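The values are calculated or read from the model by the stated rules, or taken from the named source; none is laboratory data. No experiment lies behind these values; they were computed from the predicted model shown. Cβ: placed from backbone, ideal geometry, glycine included. Neighbour counts: every protein chain shown.
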Amino acid sequence: MKQLDAEALCRQLAEQIRPHVTPATALVGIYTGGLWLAERLHKELGIQQPLGAIDVSFYRDDYGSKGLHAKPQKTGIPFNVDGAHVILVDDVLYTGRTTRAALNELFDFGRPAAVELAVLVDRGSRELPIAARYCAHTLPEALPRDQSLELQRDDTGGFTLKLTQRT
Amino acid sequence: MRNPQLNQHGELQHLLTLDGLPRDILTAILDTAAPFTEVAEREVKKLPLLRGKSVFNLFFENSTRTRTTFEIAAKRLSADVVNLNINTSSAAKGESLLDTVDNLCAMQADMFVVRHAASGAPMLIAQHLQNTGRDHIHVVNAGDGRHAHPTQGLLDMYTIRHFKQDFTNLTVAIVGDVLHSRVARSQIAALTTLGVPEVRVIGPKTLLPTEVEKLGVRVFHDMREGLKGVDVVMMLRLQNERMNGALLPTPQEYYKIWGLTAEKLALAKPDAIVMHPGPMNRGVEIDSAVADGAQAVILPQVTFGIAVRMAVMSMLGSH
C-alpha cells in the first residue's frame, strides 16, 4: 500500500462535506480515531450543533465471543437526535460492523431525519450493506485481514495513518 | 490454587468477594462502570449486551435497594429477570439450596444474584456449578451473612473515585457496627487493594471484630479522635436484627456516642464526603441534618450502584 497523507485526506473529506452542511447538520465521531477526525471537521466546517461521540462497545456483535472491550468510553449525544441530520464520522471503513453498532446506538437517542457516513479511508472487505456518502480515499485493493489500519494523532494534533500487522 | 472467582484466562467468572480480587480487575470494573452511568440519561435506557440471557435474583434474605438495583441493572442490559424470594418459597418447604439451584439451571439460568444469611452460600453455589461443569453460569454475591457484599464495596469505591479522583492520598473512616457488617469487610478489602494509605475503623469494642487491626486498619474507640482530618466518612447501619445479647445499651445511648452529627463531622476535612450503604437509621447512627446535608453522597451511591452492577454483569455475561 502506498503511503497515505492523512492530513491531505482530511482536507479533501472536509471539502466533500462542506457543500452539504446546513444548520441542522450534526457530527458524531466514533471512538477513537473517528472522534479525532470529527473534532477536526467540526471546527473546519463551522458546524453549529455540538459534537457527539459514540463508543460502540456496548453494541458490538462480537460481545458474546470476544467479551467487553477494555476501557469503554462514555457515549455523549449533546443535541436532540429527533429530526437531526447526522453525519457519522469514522477513520477507516472496513466490515461495516462498527457502523451498524453506531447506528443502533444512535437510534436509542431518537429518530434522526437522516444519517450519513463520512470516512477517511475505505479499506474494503464489507460484510454488511453499508457505504460511505463521503470518503476521501478508497484503497484499490482490499487490505489483508491480518493488517490493521488506524488513524493516529500526535502531540501537536497532526494526523497520520498507521498500518500494522496483527499478531 | 486458582482464585475461584477467575477462570483459566484470568477473567471474572463469579463475583463472590473483594478480598483477594486483583487490583487490575477491581479497577477494570470501576472503569467499565463509568460509561454505564450515561445510559440513565437516554431516552431508551437499554443496552443489548445481555439480550436473551436469564438472570435469577435469588434472595434468601430481605432486601429492597440491592434487589431493585440489581433488577434495574439486568433489565437495562436487556436480560430477562426472575425474582425469587425464597423466604416464602421452596426453602420454606424444605428444599436444599443446591436443589433450588439445579432446578433453576434446568430453566436455563445464565446468572444467579444471591443473597443469603449464611456466609459462604454464593461460594457454595459457584463451586457446585464448577463441579458439575456448568462454567457458562455465573454467580454474583449480593451479600452473604457477615462475609461480603462485593457490589456494595465496588459502588462505594466508585463513589469515592467520583468525588475524590485518587485513592492514594486519602484517609477513610468506617464508623459503627463493623462486627456484623459484610459491607465493612468488602470496603476494607477494596480500600486496601486500591492503595488507600489510611483506613480507620471507629466503633465500640463490642461492635468491632477481635483483631480487626490485622485487616490493615487503624482502630479508634473515640469517634472525635477517629474523624479528625478524614476525607471520607463511611457510616454503617446498626444491625439490630443480627444482634443477640447485650452488645449495646439503647439506640439513644448509641446515637449520643457514635451517631454522626454536624458537630462531629466538622472534625473531618471541610470537603469530606459522608456515605451510608442504607437503609439508614436516622437518629441512631446518623443525624438527619447530616444525612440530608451538603456533604452527604448517599443518593449518588444508589445511582452509581446501578452502573457498577451493570459493569459486573456485563463482564461476567460475555463468557
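Yes or no, residue by residue, for (1) within 18 Å of B:Leu316 (Cα to Cα); (2) within 14 Å of another protein chain (Cβ to nearest Cβ); (3) surrounded by fewer than 18 Cβ atoms within 10 Å (Cβ to Cβ):
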position	(1), (2), (3)
B:Gly20	yes, no, yes
B:Asp24	yes, yes, yes
B:Leu49	yes, yes, no
B:Arg65	no, no, yes
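Is it the case that A:Val86 is more than 25 Å from B:Met313 (Cα to Cα) and within 13 Å of another protein chain (Cβ to nearest Cβ)?
For A:Val86, the condition - more than 25 Å from B:Met313 (Cα to Cα) and within 13 Å of another protein chain (Cβ to nearest Cβ) - is not met.
Consider A:Val115 carefully, then state whether it is in contact with a strand residue (DSSP E or B) (Cβ under 6 Å, 6 or more places away or on another chain), aliphatic (A, V, I, L, M) and either within 13 Å of another protein chain (Cβ to nearest Cβ) or surrounded by fewer than 20 Cβ atoms within 10 Å (Cβ to Cβ) (or both).
Yes.
Of the conditions (1) closer than 30 Å to B:Asp271 by Cα; (2) crowded, with 19+ Cβ neighbours inside 10 Å, B:Phe163 satisfies every one except a single condition; which number is it?
Among (1) closer than 30 Å to B:Asp271 by Cα; (2) crowded, with 19+ Cβ neighbours inside 10 Å, B:Phe163 violates only (2).
Only one residue in B:Asp166, B:Asp156, B:Asp99 is without any contact (Cβ under 8 Å) to a residue 12 or more places away in the chain and either at positive phi or in a helix (DSSP H, G or I) (or both), so which one is that?
None of the others qualify; the one that does is B:Asp99.
Out of the range A:63-91, which residues are exposed (fewer than 14 other Cβ atoms within 10 Å of the Cβ) and modelled with pLDDT of 90 or more?
Within the range A:63-91, A:Pro78, A:Asn80, A:Asp82, A:Gly83 qualify.
Is it the case that B:Met310 is surrounded by 14 or more Cβ atoms within 10 Å (Cβ to Cβ), in contact (Cβ under 8 Å) with a residue 60 or more places away in the chain and within 30 Å of A:Leu68 (Cα to Cα)?
Answer is yes for this residue.
Can you tell which of B:Phe60, B:Phe56 is of a type in the set (Phe, Trp, Tyr), more than 14 Å from chain A (Cβ to nearest Cβ) and without any contact (Cβ under 8 Å) to a residue 60 or more places away in the chain?
Checking each option against the conditions leaves just B:Phe56.
Restricting attention to the range B:35-42, does a residue exist that is within 14 Å of chain A (Cβ to nearest Cβ), in contact (Cβ under 8 Å) with a residue 60 or more places away in the chain and surrounded by fewer than 18 Cβ atoms within 10 Å (Cβ to Cβ)?
The answer is yes, given that some residue of the range B:35-42 is within 14 Å of chain A (Cβ to nearest Cβ), in contact (Cβ under 8 Å) with a residue 60 or more places away in the chain and surrounded by fewer than 18 Cβ atoms within 10 Å (Cβ to Cβ).
Could you say whether any residue in the range B:76-94 is over 22 Å from B:Asp156 (Cα atoms), away from chain A (no Cβ under 13 Å), charged (D, E, K, R) and without any contact (Cβ under 8 Å) to a residue 60 or more places away in the chain?
yes
Name the residues in the range B:103-126 that are farther than 27 Å from B:Leu179 by Cβ and surrounded by 15 or more Cβ atoms within 10 Å (Cβ to Cβ), would you?
Selection gives B:Leu104, B:Cys105, B:Ala109, B:Asp110, B:Met111, B:Phe112.
Of all residues in the range B:49-81, how many are at pLDDT 95 or above, out of contact with any Leu (no Cβ under 8 Å at 6 or more places or on another chain) and over 21 Å from B:Ala307 (Cβ atoms)?
1
What is the residue count in the range B:1-44 for residues that are among the β-branched types (Val, Ile, Thr) and touching a helix residue (DSSP H, G or I) at 6+ places or on another chain (Cβ under 7 Å)?
Count: 5.
Looking at (1) within 24 Å of A:Arg100 (Cβ to Cβ); (2) buried (at least 20 other Cβ atoms within 10 Å of the Cβ); (3) among the hydrophobic types (A, V, I, L, M, F, W, C); (4) in contact with a strand residue (DSSP E or B) (Cβ under 7 Å, 6 or more places away or on another chain), which is the only condition A:Ala6 fails?
Among (1) within 24 Å of A:Arg100 (Cβ to Cβ); (2) buried (at least 20 other Cβ atoms within 10 Å of the Cβ); (3) among the hydrophobic types (A, V, I, L, M, F, W, C); (4) in contact with a strand residue (DSSP E or B) (Cβ under 7 Å, 6 or more places away or on another chain), the lone unmet condition for A:Ala6 is (1).
Please count how many residues of the range A:54-69 are assigned to a loop (DSSP other than H, G, I, E, B), more than 7 Å from every other protein chain (Cβ to nearest Cβ) and farther than 16 Å from B:Lys46 by Cα.
Looking only at that region, the number is 2.
Looking at B:Gln152, B:Gln108 in this structure, which one is of a type outside the set (Lys, Arg) and within 24 Å of the chain's Cα centre (by Cα)?
B:Gln152
Does B:Gly278 satisfy the criteria of being of a type outside the set (S, T, N, Q), surrounded by 14 or more Cβ atoms within 10 Å (Cβ to Cβ), outside any loop (DSSP other than H, G, I, E, B) and touching a residue at least 40 places away in the same chain (Cβ under 8 Å)?
Taking the combined requirement at face value, the residue does not satisfy it.
Which of the residues that make up the range B:288-307 are without any contact (Cβ under 8 Å) to a residue 40 or more places away in the chain and not in a loop (DSSP other than H, G, I, E, B)?
B:Ser288, B:Ala289, B:Val290, B:Ala291, B:Ala296, B:Ile298, B:Leu299
Any chance the range B:1-12 includes a residue that's part of a helix (DSSP H, G or I) and of a type in the set (A, V, I, L, M)?
Among the residues of the range B:1-12, not one is part of a helix (DSSP H, G or I) and of a type in the set (A, V, I, L, M), which makes the answer no.
Quick check on this structure: which one of A:Arg111, A:Arg133, A:Arg145, A:Arg126 is under 14 Å from the mean Cα position of the chain (by Cα), at negative phi and among the basic types (Lys, Arg)?
Answer to the check: A:Arg133.
For B:Val233, indicate whether it is part of a loop (DSSP other than H, G, I, E, B), closer than 30 Å to B:Gly20 by Cα and at pLDDT 95 or above.
Against the criterion (part of a loop (DSSP other than H, G, I, E, B), closer than 30 Å to B:Gly20 by Cα and at pLDDT 95 or above), B:Val233 does not qualify.
Quick check on the range B:127-147: of everything there that is over 23 Å from the mean Cα position of the chain (by Cα) and charged (D, E, K, R), which residue is surrounded by the most Cβ atoms within 10 Å (Cβ to Cβ)?
B:Arg134
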